[in-house]
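The values are calculated or read from the model by the stated rules, or taken from the named source; none is laboratory data. Computed from a predicted model, the values in this text were never measured in an experiment. Here Cβ is always computed from backbone atoms with ideal geometry, including for glycine, and neighbour counts include all displayed protein chains.
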Amino acid sequence: MKSFSLLTVLYLFLFIHISIPTASEEVKNKSEEEEMVIKGVGFDQQAQSPVVILADKKNERVLPIWIGLCEARAIDLGLSEEVTPRPFTYDLVAAILRTMKGKVERVVIVDLRDKVFYAQVEISVNGSISKIDARPSDALALASRMGAPIFVRNSVLKKAPAVGGEEEKKRGT
């Protein structure tokens, strides 16, 4: 029985140690990301789909992410700080987080595979940070309500089609 308890403790220690990034990993990850802001939500006539436009702080790089109609409206409402007669799901999540004294530390667009973007929402509650997988549109709608910074991994920016800024000028498009 003691060996089982010792193995359990050892397993938990390893799990926690592996799960928590070291300070050097945090610095490395952050240097591999670009902070961006939501420039707006529009409608792509060609794709017949709403699109949220992210741009770096110098407006040198623009990243379009195609989203759904409901999510586009939710992001717009979050940016305008307009209060709706009935709360959206994102308003509910934000209210729950605030009630729990939680905070959206940041949103990170972490991957782009087969033309699909992937995101994480980093939430802190009682000093503990959790990374939660999310659709970028949901993560951005929540970030717009919570005033959270938005980051995009450089690997995603390299995979994404260049739009605007210096990159497009270099390509001559």
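The single condition among (1) within 12 Å of Ser137 (Cβ to Cβ); (2) in contact (Cβ under 8 Å) with a residue 12 or more places away in the chain; (3) more than 16 Å from the chain's Cα centre (by Cα) that Arg61 does not meet is (1). For first residues located in the range 108-128 and free of Cβ contacts under 8 Å to residues at least 60 places away in the same chain, partners that are among the hydroxyl-bearing types (Ser, Thr, Tyr) and in a strand (DSSP E or B) and lie 6+ apart or on another chain with Cβ distances below 7 Å form the pairs Val110/Tyr118; Asp111/Tyr118; Ile123/Ser130. The set of residues from the range 94-118 being β-branched (Val, Ile, Thr) and either farther than 25 Å from Trp66 by Cβ or over 15 Å from the mean Cα position of the chain (by Cα) (or both) comprises Ile96, Thr99.
Assessment of the range 31-43 against the conditions (farther than 14 Å from Ser144 by Cβ, in contact with a Phe, Trp or Tyr (Cβ under 7 Å, 6 or more places away or on another chain), free of Cβ contacts under 8 Å to residues at least 40 places away in the same chain and part of a strand (DSSP E or B)) yields no matching residue.
Filter the range 113-122 down to the residues that are hydrophobic (A, V, I, L, M, F, W, C) and modelled with pLDDT of 95 or more and list them by number.
Just the residues of the range 113-122 that are hydrophobic (A, V, I, L, M, F, W, C), to begin with: 116-117, 119, 121.
Listed by number, the residues that qualify are Phe117, Ala119, Val121.
Out of Leu69, Leu92, Leu79, one residue alone is at pLDDT 80 or above and surrounded by 12 or more Cβ atoms within 10 Å (Cβ to Cβ). It is Leu79. One residue is enough: does the range 96-115 have a residue meeting the conditions surrounded by 13 or more Cβ atoms within 10 Å (Cβ to Cβ), among the hydrophobic types (A, V, I, L, M, F, W, C) and in contact with a Gly (Cβ under 7 Å, 6 or more places away or on another chain)? So far as the range 96-115 goes, no, none of its residues is surrounded by 13 or more Cβ atoms within 10 Å (Cβ to Cβ), among the hydrophobic types (A, V, I, L, M, F, W, C) and in contact with a Gly (Cβ under 7 Å, 6 or more places away or on another chain).
Of all residues in the range 86-143, exactly one satisfies the criterion of being assigned to a helix (DSSP H, G or I) and more than 23 Å from Arg73 (Cβ to Cβ), namely Thr99.
Kindly provide the set of residues from the range 136-173 that are among the basic types (Lys, Arg), modelled with pLDDT under 95 and farther than 13 Å from Val93 by Cβ, ordered by number. Full working, then the answer.
Going residue by residue through the range 136-173, those that are among the basic types (Lys, Arg) are 145, 153, 158-159, 169-171.
Adding the requirement that they be modelled with pLDDT under 95 leaves 145, 158-159, 169-171.
Result: Lys158, Lys159, Lys169, Lys170, Arg171.
So, in the range 129-141, exactly how many residues are farther than 16 Å from Trp66 by Cα and either in contact with a Ser or Thr (Cβ under 9 Å, 6 or more places away or on another chain) or in contact (Cβ under 8 Å) with a residue 60 or more places away in the chain (or both)? Show your work before the answer.
At the first step, the residues of the range 129-141 found to be farther than 16 Å from Trp66 by Cα are 129-133.
When the remaining residues are screened for being either in contact with a Ser or Thr (Cβ under 9 Å, 6 or more places away or on another chain) or in contact (Cβ under 8 Å) with a residue 60 or more places away in the chain (or both), the result is 130.
Result for the range 129-141: 1.
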